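Working notes, structure below.
Throughout, read-outs are computed from the coordinates displayed, never taken from laboratory work. Quick caveat, the model's predicted, so the values are computed rather than measured. All Cβ positions, even for glycine, are placed from backbone atoms using ideal geometry, and neighbour counts span all protein chains on display.
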Amino acid sequence: MRIKVQIKYLPNVEDPEALSIKRNLELTGYRGIKNVYSYKIYEFETTLDKNDSMDEIREIAEKLLTNPVIQEYKIEDISE
Amino acid sequence: MYSIINSTPDKLRALASGLGLTYDEIVMLRNYFTGLGRNPTDIEIQAIAQGWSEHSCYKSSKLYLKKYLSGLKSDYTILTMEDDAGVISFDDENAYVVKMESHNHPSAIEPYGGAATGVGGIIRDVLCMGAQPVALVDSLYFGDPDNTEGQLTERFIINRVVAGIRDYGNRVGIPTVAGSVNFNSIYNGIPLVNAGCIGIVRKDHVVRSRISIEGDLLIVCGGRTGRDGIHGVNFASKILNAGDESNRNAVQLGNPIIKEPLIHAILEANDAGIIDGMKDLGGGGLSSAVSEMLFAGGMSGVIELDKVLLKDTNMEPWEIWVSESQERMFLAINPSRLMEIDDIFNKWGIEYSIIGKTIKSPNLVIKYRGEKILDMELSFLTGGPVYARNFKKPELEKKSIMDREPENYRKFIFDFLSKPNICARFNIVRQYDFTVRGSTIVKPFTGIPNMETHSDASIIKPLENSFQGLCITSGSRPEMVGIDAYNGTMHTLLEGYKNILSSGGIPHSIVDALNFGNPENPETMYRFIETLRAISDFCRATGLPLVSGNVSFYNEAEKEILPTPNMLVLGKIKDIRDSKTVEVKGAGNPLYLAGTIIPDLAGSQYSSEMGTVHTMLPEANIKELMALHDGIVKSMDYIKSMHDISGGGLIVALLEMSFGSRFGVDVDVTEIPGRTNEKLFSELGTGMLIEVASENEEKFLKSFSGIRLRKIGMTSKNGIRLKEKGRYILTENAETLRHLWETGLDRYV
């Protein structure tokens, strides 16, 4: 199956990458941008059944991909 | 408004604990405000909590720092232990600026942001002296890389700390040239991140961290002030508790893309002579920076907090005052120069605002929306208590112990080379840009491309029009300091000194970053004081100045860390074209061992592997170190390469010399005193390996005097051959050994 993990910063954490993009969009003349948020998306192809796959990916997300102090993640099954 | 003047002890106690103050301190506050006949406002209480935290006012260490470390100057130091960083003469016109600081607590909670903002903060410390930052240094202490207990796995911590340093340093465009990485399970979940920065400034452009001119405008520039990073210092002055939700506010990521133009703008304004005083906004935010800068210059100020540019519109005034948002600088300028600085800031796209002006008065006044919300004597606000903490010598039975020998030396050495503390640091350091700015002469790695070895010290050439260079090395020997804080610190300093010598430089100055456990523990305090005493004795014996430093207490989770005094040692080299590097330069050159390898394995990696518990550490011989210095200086022209004997002992030093080249070594250790394992693995003493040009051997021997010199072998075309009493301990292809050494960290980073 295919599983998507989407990671974003928690609301009160400043996102330097997004800020730089916003600033540069303003410099290049785009006038209508109020805010930019950056996300990180991983896609996994797995071999186990649905529950085991989800558990494994959740563990990977928690142990290796994110720090709960600054980030939150969402797991989604995208295998049609 | 806090009600404290008529409060009950229980209520005071609760309030104190919420603010990170002790009961005695809140009683001091109550008495002060009782004298004023009113209760403190929110901002007054918060400002004091910041100003009196361990991190800001060094209340546990101040007394002892003063006793041992004041006055360790020399005739070429310009500012030592006074402002935000040390300033030392480099040549007639220029000075270098240096500082090292710990960022341990933030890095334990959020390794990436903690390490990145550690780098960002140390850059500001150097920038605020008016100096162009030219080099970064990072000494890191991690737990057992296989540890998976705790909130974050050790691998996560290691990789994210390294990523934070990489992303900040590389993007801001300052090379990360030197440092160290140690592993010990004692640091599980509580990594130490010590970041250092070196800058260069014209002597007449040094800016003080103080303002003594009345009527100057006070400006905050760079990043905006937000709710992020509130209470960082109070939290750095506490012991970390797993799962403590309140720690979360203190986390920030750092933004090097704002910092880079800020550096340009500040330096341009400084070149134009606009800046009268400057300080960086770090721990304690505006509260610390404004109070300290005004107080140091005998001034005071009126601050209008509404003028501070904010990220969040709904911040409380006290939050604005204590926020530790990154990338901000605080400066004082003459009102007549406002147009000029406005032009410079606009050119670089830097936001700024005028938040107040200096006045001559004992009291600091803060206004918010027309209302006076703080009116207190600066001396009280910045003073803080000073503690003469109890100290007690740990009662330990001291006995000498011998390490057992491995059953099979060859097998042991194979295994040893890939241990995290011994193996190559490529996987970590190659992530850092160590050549940006184009002034790195001797890099962290040296030798044939793709076959490099570790340098003893890195060398930079900070000025375009001069060949004079700065040699940089940083590290600590916590396993030794843990056995004996005084002698362990001595050996740490001795190693730093040797690293500068072996790079061809002359040691010039020392910076400390002292990482310890809980100062309320008398035994910790004893180790801390012993460390200070050692630094003092070492500086006096060698004539080196101690120019700046930092103390970090409360580094403990369930267990206290090993006392870790990290020493950044700087050296000067007249001409960088005379630099020496570690790798063997040719076959058939004689190899000498200068100085002494103390036949004792205390504090060594060998001992850690064997699980031996040592309780005694031999003394460091500083007289012999001075003799080594003289010998090397006199015979410098005949030396091809040098490497000091330190982590891993003689065997690792020999191998590292070979690993950077295509050449081998052929060595006989019979004549070196001690048992076989002591000869090969002892990390103590003044021992230095020297490769001498074969045609100059006689001249070398004539010029090198005052210290024992032993010929231990020759360099060879290839292969490692090591023998004792006619028997080979190791004969091996260098490539095989190199592979083990090179890939040691592959499992983790």
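Key figures for this structure:
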| quantity | calculated |
| --- | --- |
| At q = 0.20, 0.21, 0.22, 0.27 Å⁻¹, base-10 log of I(q)/I(0) for region B:138-202 (Debye sum, equal scatterers on each alpha carbon) | -0.78, -0.83, -0.89, -1.15 |
| Table column - 3J(HN,Hα) (Hz), region B:650-662, Karplus curve with 6.51, -1.76, 1.60, x for Gly and Pro | 4, 4, 5, 4, 4, 5, 4, 5, 6, 4, x, 9, 9 |
| Convex hull per residue volume in Å³, alpha carbons only, for region B:265-358 | 101 Å³ |
| q = 0.08, 0.09 Å⁻¹, the protein assembly as shown: log10 I(q)/I(0) [Debye, one scatterer per Cα] | -0.71, -0.89 |
| Protection proxy ranking of B:259-267, B:586-594 - average other beta-carbon atoms within 10 Å, highest first | B:259-267, B:586-594 |
| Peptide B:141-154, shielding by other chains (average Cβ, 10 Å cutoff) | 1 |
| For chain B, calculated [θ]222 nm from helices alone, where every DSSP H run of n ≥ 4 adds -39500 (n - 2.57) | -10000 deg cm²/dmol |
| Peptide A:62-69, shielding by other chains (average Cβ, 10 Å cutoff) | 5 |
| Magnitude of the charge dipole, the protein assembly as shown, Cβ model with Lys/Arg +1 and Asp/Glu -1, debye to 20 | 1280 debye |
| Farthest positive-ward along region B:582-749 dipole, Cα basis, beta-carbon charges - from B:T612, B:L740, B:A594 | B:A594 |
| Sequence-separation-based contact order of chain A, relative, with Cα cut under 8 Å and 6+ spacing, percent | 56 percent |
| Under-5 Å amide H pairs with B:F90, H placed in peptide plane, nonlocal only | B:A95, B:Y96 |
| Debye log10 I(q)/I(0) for region B:582-749, one point scatterer per Cα, at q = 0.18, 0.19 Å⁻¹ | -1.18, -1.29 |
| Which listed pairs, of B:K62/B:K399; B:K67/B:K574; B:K443/B:K699; B:K67/B:K623; B:K59/B:K419; B:K585/B:K702, have C-alpha distances above 32 Å, in listed order | B:K62/B:K399; B:K67/B:K574; B:K59/B:K419 |
| Kirkwood hydrodynamic radius (C-alpha pairs) into Stokes-Einstein, region B:407-539, 25 °C and 0.890 mPa s, D in µm²/s | 141 µm²/s |
| Rh by Kirkwood over Cα pairs, then Stokes-Einstein D for region A:2-77 at 1.002 mPa s and 20 °C, µm²/s | 151 µm²/s |
| Estimated dipole of chain B in Debye, rounded to 20 [Cβ of Lys and Arg +1, of Asp and Glu -1, Cα centre] | 920 debye |
| Per residue, the convex hull volume that the Cα atoms of region B:520-594 enclose (Å³) | 199 Å³ |
| Kirkwood Rh (inverse of mean 1/r, distinct Cα pairs), region B:334-475, angstrom | 23.8 Å |
| Full-stretch length increase - B:E671, B:E698 - with 0.36 nm per residue and alpha-carbon distance subtracted | 7.6 nm |
| Mean projection area, nm², convex hull over Cα of chain B | 30.9 nm² |
| Rounded to the nearest 20 debye, dipole of region B:582-749 from Cβ charges on Lys, Arg, Asp, Glu | 380 debye |
| Gain in span if fully extended, A:D77 to A:R2, counting 0.36 nm per residue against the direct Cα distance | 26.4 nm |
| Extreme residue, positive dipole direction of chain B, given options B:S291, B:M657, B:F553 (C-beta unit charges) | B:M657 |
| Region B:733-749 - phi-based ³J(HN,Hα) in whole Hz, Karplus 6.51/-1.76/1.60, Gly and Pro as x | 5, 4, 4, 4, 5, 4, 4, 4, 5, 5, 9, x, 8, 4, 6, 10, 10 |
| J(HN,Hα) series, region B:445-455, from Karplus relation 6.51 cos²θ - 1.76 cosθ + 1.60, nearest Hz, glycine and proline x | 10, 9, x, 6, x, 6, 9, 7, 10, 6, 7 |
| Relative contact order for chain B, counting Cα pairs under 8 Å that sit 6 or more residues apart, in percent | 15 percent |
| Residue mean of other protein chain beta carbons inside 10 Å, A:11-20 | 6 |
| Förster radius 60 Å - calculated FRET efficiency between B:E735 and B:E351, Cβ distance, rounded to 0.05 | 0.60 |
